[in-house]
Structures are given as structure tokens and as C-alpha cells.
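Presented below is the structure to which this report refers.
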Amino acid sequence: MFDLDAWREIFQSINKNKLRAMLSGFTVAFAILLFTLLFGIVNGLQNFFTQAFVDDADNSMFVRTWQTSKPYKGLQSGRRIQLKNEHLDYIVEAHPEKIQHISARKYLNVRITYKTKQDNYNIRAVHPDHRYLEKTIIDEGRFLNQLDLNQKNKVIVIGRLVKKDLFGERIALGKYVNVNDISYKIVGVFSDEGGDREERNVYMPITTAQSLYGNNDYIDNILIGYNPRLTIDRAVAFGNRLERELRQKLNIHPDDQSALSIRNMAEANKNVGQLTTALFFIVIFVGSGTLIAGVIGISNIMIFSIKERTKEFGIRKALGAKPASIISMVVKESLLITSIAGYLGLVLGTFILSQIGDSLEKYFIYNPSVSSGIVIGATVTLIIAGLLAGYLPAKKAAQIKPIVALRAD
Amino acid sequence: MIRIEGLHKSYPIGKDSLHVLKGLDLHIKEGEFVSIMGSSGSGKSTLLNIVGLLDVHDVGNYYLNNQLIEKLNEKKAAVLRNKFLGFVFQSFNLISYKTALENVALPLYYKGVGRKERLKIALEYLEKVELGPWAEHLPNELSGGQKQRVAIARALATKPKVILADEPTGALDSTTTDSVMDLLKGINDEGMTVFVITHEEEVAEQTDRIVRLKDGVIISDELTESGKSKAKNYV
């Protein structure tokens, strides 16, 4: 198959027609470059949106309450809505199969003192499941457990930055600190990908907080992790149903948005999914447009160059060249140029994307990259197009009678 | 070597057709040096194209080397051209991006001769036309006479049976014309059949036999002085 003489002819022909070779090569390289960059940037957009929701579990729901804005069942507007343990218990009992994790959250602002150092911190009093809902990472020790809740233990889990503030490089685990003058034992240190603010939080058992600070069964928020086996649509429906049920239990007008809301990650996921789908179609549209432009570019150059060489083909035929040898010469030439140029475009595009990295994050583009399958597919498409673009006019030129070809000028 | 019987050829021009060759009969034996004379439009180039398998005839028989030429496809024609025929054109038709040596070697490439071997043969033929020192020059670095000598070397390289020359001196001045004709004469003396098309009386005079064409028919076919003396020598 490898015919050194034939390739020598091809190299000579390319070498003597550098401008033509460079033009067609440039067309291909540019098309692949654009295609790669385009795909990479869209991937970057997707990466950004995916990353933006990475802090909390992607199956989480967040129940929050404020004041009513509409009178309902004889109750005035402006009434403060207070969630209680019973609401959390109701959710667990009513929808056991739809819930993977659940936790209450109660906020306290406290002063924590260790030896001479002290500062104000936010405490989140929670259930043990909270660590999954917030994607808390345990660096040292452990998170709160059911035993802590049952016994209302005075234990806390502190954020990485809280430890840094109060203990510096020294050991914090097992030490006792004063939280508003009550002594708590540190049983764990955590970190969180959500950033510095998250790492200045402190977790304590919800039961401890309820008995020591107010002695009631109030909670501020409920966090739910829905069963990940639910489809997005069913998860959205579950969130809506839960919202209706809680409104009924709390005597809130069904349309009173400012009294209670459930932020459902399923809805956000659905939106991101729709956005991604839209982007995908845009990419298919623009990407195939780029490729078609590339194909037309090669075809034009090939048709022109073959027209230009009709006389040369006539001479070659008069000297004994068979039509097949002329077609093969042109096609191999086109194949060689498109392959090399396509590869260059691909390498250049991938290189540029790798240089961009995360420097465009403020434009919602994060770590743009392309899957090698897609760009190689695009390159192969262009190479095949180049093959056809060479083959069709070459076949026609090779069929011209040599006498006509010789007359051409 | 070349035998033509009742040859007709027409070209379509729009809806009409132009009847160019109107029943030619011609027999050229091996080793002859023949010229076809005629003004432009007489059909002489058409005849050469048919003889050279560059074009096909409509009616009649054409035997090349005793082989009836019919139903030729491009591939078969290419093989026959490569094997039996060497072309010399008025406009030289050298490939501009190939050196003189590579141009001469090109028909050998299509014959399937290895690179080393064909460059060696090509150089021999270039030396034969006294262009050895110009082997590495490109066509545009050569004079018209030199280009035509390269073309002749190229035509000879595959050792064909017949050299077909279409107005070989048409683009040359009188001095170079003589040198090219001398070269063709020398080739003929070595036994090769040479078939020249020309409209120049002086050129035709240097061949052995002149066939005159007018409006697609042969009006005369006679030996020149040199042809007569050659014929006498044989007798």
C-alpha cells in the first residue's frame, strides 16, 4: 500500500504549490480550531453551573418560614410562622420512602471563649443527617450522632477557621470551650467546600440547643434530602406537595409566598438541565455550521486547484498515467493536507483551552475542555470531506480526454 | 506500424457537427519518417490525436502495431500510449515544477520503473539531446529549443515504437528548428518511426514522405528527395 514513489510525487506537488496547500490547510485547521474552542467554552459553561451548586447536596430541599402577608382562616397577616419539631416529625412519617436525609436547623449567635481568646460565632443546631445535606467534610474527630441528641450532650463540632481562630496550630479535639458561659466539648473539626463563611460555623445537637436556649421545640429551617432515586419531575412534584401540606398545617394561605417556601434543588437541577440542553443544541448548530464552512472551503480550493492542474493531468495521461493514478495522487494530497492541518488545529485548540483553565471564571466559564472523541470525530469528518472534495473533481478531471486537458490553459 | 482505413471523425458544435476527417486511408511502415502537411483546419491535429490515442475516431479501422484499436477505455489507452507512443508537442508540455531530468523520467514512473533506474535512463536520454548539464534545471530556466529537446528526450525515454510530433518547431526560430529536426532525423536513422505534423514546407521537406491533407481528405502522398534516395538504397 505504501508507495514511496507515489508519495514523493505528492510531496513534490504540495511543495511546488505551497500557497494552495497552505490555504486549504488553514481552512481545515481554522475550522477545527473554532470547533474545539466552541465546544470547550460550552463545556466550561456547564462546568461552571455544575460547580455553582456543588456546595449543598444536589438532592436537597430547604424549608424556610417568615411572616404571613395574607390573612387566612380568620388569622391576620403579619403573623410569624414558627416551625416546630412536630412538622419535621410529620414529614418523616408522611413520606418515609421519599426522604433520604432530614435535619432541623436552629441558629444561635454565641460568644465562644477558649482561655484568653474569644469571638462571636454562628451556631447551627442540627440533626446528625445534616452533614450529608451540607456535604460537611470531617477533618478530625466525628460529627454529631444520635446519642448526642438523645442525651442532649454538650458537644460541638467546629469549623476549620474556628479552630484556627481559637487554637491556631494547637490541638482542639477533646478540648472544652465556653459557649455563652456553658462548657462544651469539641468532638470534631470540619471543613466545607462552600468557602470561608461555612467554615466559621459551629454545629451542636438540636436537642441540646432547644433545652438550653429557650426550652422550647422551635426550629428555624428544615433541610431534606429527597430520595435520589426520584426522577427530577417527581422530586419537583414532591417539593410542591410538601409545601401545600406544610401551609395547611401552619394555616398559611395557599398563595402566600412570603410566609413559607421550599427551595428545591430538583427545580434548579431541572433548570440547569434545560440550560445545558439549550447550550447543546446551540453547539450542534454552530459547530456543524463551522464544519460545513470548513468543508465548503476545502471543496472550493480543491475544485480550483484541480481546474488549474487540468493541463498537467493531460500531460501525465499522454505520458501513460492511468486515470486511477491521477485520482489517487489528488486524493492522497488532499488527505495529507487535511490530516496534518486538522491535527494542528486540534492540538492548538486543546492547548488554548488548557491555557484558559479557570481564568475566565468570572464570565461563567470554568475549566473549559473537550472530550477527545468529539474533536477527533470532527477532524475525521473534515478529513473525509477533504477526501470527497478531492475525489469528486479529480475523478471528473481524470475522465477528461487528454486532448481536451492539454488544450486547457 | 500504423494502418488507417476509412477513418471518419466529427466534432459536435452546438447542435451541428463538424466533419473533420472524411475517410482517410494511410499506411505508415516501421522506420518511416513521415510528415502530415496542411493548413490549419485541415484536420491534421485531429489525425495525430487519433493516432496518438488521445482522442477516439467515429468510423473506420485503426491498427497500431497490428493491433486493432477499438473500445478503448482510458486505462487501456494509457497503457498503450506508455508502451508504444512518445509525444512531442508544439508547446512542449513540460511539467513546470519538475526539473528537466524529472520530466524525462516521468513516463518511466508510469511504466513502473524504479526511481534509481529511471533517473539513470532519463540522464542518458538528456545527454543524447546534449542537455546533460541542464538536468537539474526547471523548464522556465531553459530556452525554447532546449525545452523541445527535453520533450524529445521524454518521448524517447520509454523506447516507444512511434514518435508523434505535433508542430514540434511551431514555437521555435529557424536555427533551433533545424537542430530539432536534425535530432528527429537522427532518431529516425536509428530505426524509430517518426510522425510529424507541420504546416511549414521547410520542415516537411526534411522528412522522407509528405502526406498533404485538405479539408479532411488526403490530396497527395509522395516521397521527398531524401525519401526517394532512401528507397533507392533499399532497392
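The values are calculated or read from the model by the stated rules, or taken from the named source; none is laboratory data. What you are looking at is a predicted structure, and each value in this text was computed from that prediction instead of being measured. FYI the Cβ positions are ideal-geometry reconstructions off the backbone, even for glycines, and counts take in every protein chain you see. Side chains are part of the model used for accessible areas, which takes the heavy atoms of the whole protein and leaves out ligands, DNA and RNA. Shrake-Rupley method; radii C 1.70, N 1.55, O 1.52, S 1.80 Å.
Can you confirm whether A:Ala405 is assigned to a helix (DSSP H, G or I), more than 14 Å from every other protein chain (Cβ to nearest Cβ), buried (at least 16 other Cβ atoms within 10 Å of the Cβ) and modelled with pLDDT under 85? No. Would you mind stating whether B:Ile163 is among the β-branched types (Val, Ile, Thr) and over 28 Å from B:Glu32 (Cα atoms)? No. Suppose the filter is surrounded by 18 or more Cβ atoms within 10 Å (Cβ to Cβ), free of Cβ contacts under 8 Å to residues at least 24 places away in the same chain and closer than 22 Å to A:Glu267 by Cα; does A:Arg247 pass it? Criteria met by A:Arg247. Please find, within segment A:244-278, the residue that is farthest from A:Glu86 (Cα to Cα) out of those that are in a strand (DSSP E or B) and not polar (S, T, N, Q). Applying the filter and picking the extreme gives A:Arg263. I'd like to check something: does segment A:31-49 contain any residue that is within 14 Å of chain B (Cβ to nearest Cβ), assigned to a helix (DSSP H, G or I) and crowded, with 17+ Cβ neighbours inside 10 Å? No, there is no match, as no residue in segment A:31-49 is within 14 Å of chain B (Cβ to nearest Cβ), assigned to a helix (DSSP H, G or I) and crowded, with 17+ Cβ neighbours inside 10 Å. Restricting the search to segment A:101-116, which residues are of a type in the set (Lys, Arg) and surrounded by 13 or more Cβ atoms within 10 Å (Cβ to Cβ)? Residues satisfying the conditions are A:Arg105, A:Lys106. Scan segment B:89-104 for residues that are at negative phi and either of a type in the set (Val, Ile, Thr) or within 18 Å of the chain's Cα centre (by Cα) (or both) and the total you get is 8.
Table: residues versus (1) over 36 Å from the mean Cα position of the chain (by Cα); (2) among the basic types (Lys, Arg); (3) within 14 Å of chain B (Cβ to nearest Cβ).
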| site | (1), (2), (3) |
| --- | --- |
| A:Ser258 | no, no, no |
| A:Lys270 | no, yes, no |
| A:Leu279 | no, no, no |
| A:Phe304 | yes, no, no |
| A:Glu312 | yes, no, yes |
| A:Arg316 | yes, yes, yes |
| A:Ala321 | yes, no, yes |
| A:Ser325 | yes, no, yes |
| A:Val331 | yes, no, no |
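Here the strands (runs of 3 or more DSSP E) wholly within segment A:160-220 that include at least 3 residues being over 17 Å from A:Thr136 (Cα atoms) are A:176-179, A:182-191. Could you look through segment A:1-20, keep only residues that are closer than 20 Å to A:Ile301 by Cα, surrounded by 11 or more Cβ atoms within 10 Å (Cβ to Cβ) and free of Cβ contacts under 8 Å to residues at least 40 places away in the same chain, and pick out the one that is farthest from the other protein chains (Cβ to nearest Cβ)? By that ranking, first place goes to A:Phe11.
Selection over segment B:36-57 of residues that are more than 22 Å from B:Leu80 (Cα to Cα), touching a strand residue (DSSP E or B) at 6+ places or on another chain (Cβ under 9 Å) and open to solvent by 30 Å² or more (accessible area, probe 1.4 Å) gives a count of 2.
Note on segment B:196-216: residues that are outside any helix (DSSP H, G or I) and among the acidic types (Asp, Glu) total 3. All conditions in (1) more than 10 Å from chain A (Cβ to nearest Cβ); (2) within 21 Å of B:Arg149 (Cα to Cα) hold for B:Arg81, with the sole exception of (1).
Name every residue in segment A:117-139 that is in a strand (DSSP E or B) and open to solvent by 60 Å² or more (accessible area, probe 1.4 Å), in order of residue number.
A:Lys117, A:Gln118, A:Asp119, A:Asn120, A:Asn122, A:Ile137, A:Asp139
Considering segment A:353-363, and only residues there that are in a helix (DSSP H, G or I) and either among the β-branched types (Val, Ile, Thr) or in contact (Cβ under 8 Å) with a residue 40 or more places away in the chain (or both), the residue that is nearest to A:Gly390 (Cα to Cα) turns out to be A:Leu353. Taking the numbered list (1) touching a Phe, Trp or Tyr at 6+ places or on another chain (Cβ under 7 Å); (2) crowded, with 21+ Cβ neighbours inside 10 Å; (3) more than 24 Å from A:Ile138 (Cβ to Cβ); (4) aliphatic (A, V, I, L, M) in turn, A:Leu223 passes all entries but (3).
The rows are residues; the columns are (1) surrounded by fewer than 14 Cβ atoms within 10 Å (Cβ to Cβ); (2) within 30 Å of B:Thr224 (Cα to Cα).
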{"site": "B:Val20", "(1), (2)": "no, yes"}
{"site": "B:Val34", "(1), (2)": "no, yes"}
{"site": "B:Val59", "(1), (2)": "yes, no"}
{"site": "B:Gln67", "(1), (2)": "yes, yes"}
{"site": "B:Arg81", "(1), (2)": "no, yes"}
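A:Gly289: under 30 Å from A:Thr381 (Cβ atoms) and crowded, with 19+ Cβ neighbours inside 10 Å, yes or no? So A:Gly289 fails the test. Note on segment B:96-195: enclosed helices (runs of 4 or more DSSP H) holding 1 or more residues that are open to solvent by less than 10 Å² (accessible area, probe 1.4 Å) and within 14 Å of another protein chain (Cβ to nearest Cβ) are B:100-111, B:115-128, B:144-157.
Of all residues in segment A:303-352, which are in a helix (DSSP H, G or I) and either touching a Pro at 6+ places or on another chain (Cβ under 6 Å) or of a type in the set (D, E, K, R) (or both)? Outline the logic, then answer.
Initial filter on segment A:303-352 (in a helix (DSSP H, G or I)): A:303-308, A:310-318, A:323-352.
If the condition is that a residue be in a helix (DSSP H, G or I) and either touching a Pro at 6+ places or on another chain (Cβ under 6 Å) or of a type in the set (D, E, K, R) (or both), then A:Ile303, A:Ile306, A:Lys307, A:Glu308, A:Lys311, A:Glu312, A:Gly314, A:Arg316, A:Lys317, A:Ala318, A:Lys332, A:Glu333 are the ones that fit.
Scanning segment A:163-174 for residues that are out of contact with any helix residue (DSSP H, G or I) (no Cβ under 6 Å at 6 or more places or on another chain) and either buried (at least 16 other Cβ atoms within 10 Å of the Cβ) or without any contact (Cβ under 8 Å) to a residue 12 or more places away in the chain (or both) turns up A:Lys163, A:Lys164, A:Asp165, A:Leu166, A:Phe167, A:Gly168, A:Glu169, A:Arg170, A:Ile171, A:Leu173.
Which of (1) farther than 30 Å from A:Ser369 by Cβ; (2) crowded, with 17+ Cβ neighbours inside 10 Å; (3) β-branched (Val, Ile, Thr) does A:Ile182 not meet, given it meets every other one? Single failed check for A:Ile182: (2). One residue stands out among those in segment A:337-360 that are more than 23 Å from the chain's Cα centre (by Cα) and among the β-branched types (Val, Ile, Thr): the one that is nearest to A:Lys18 (Cα to Cα), which is A:Ile337.
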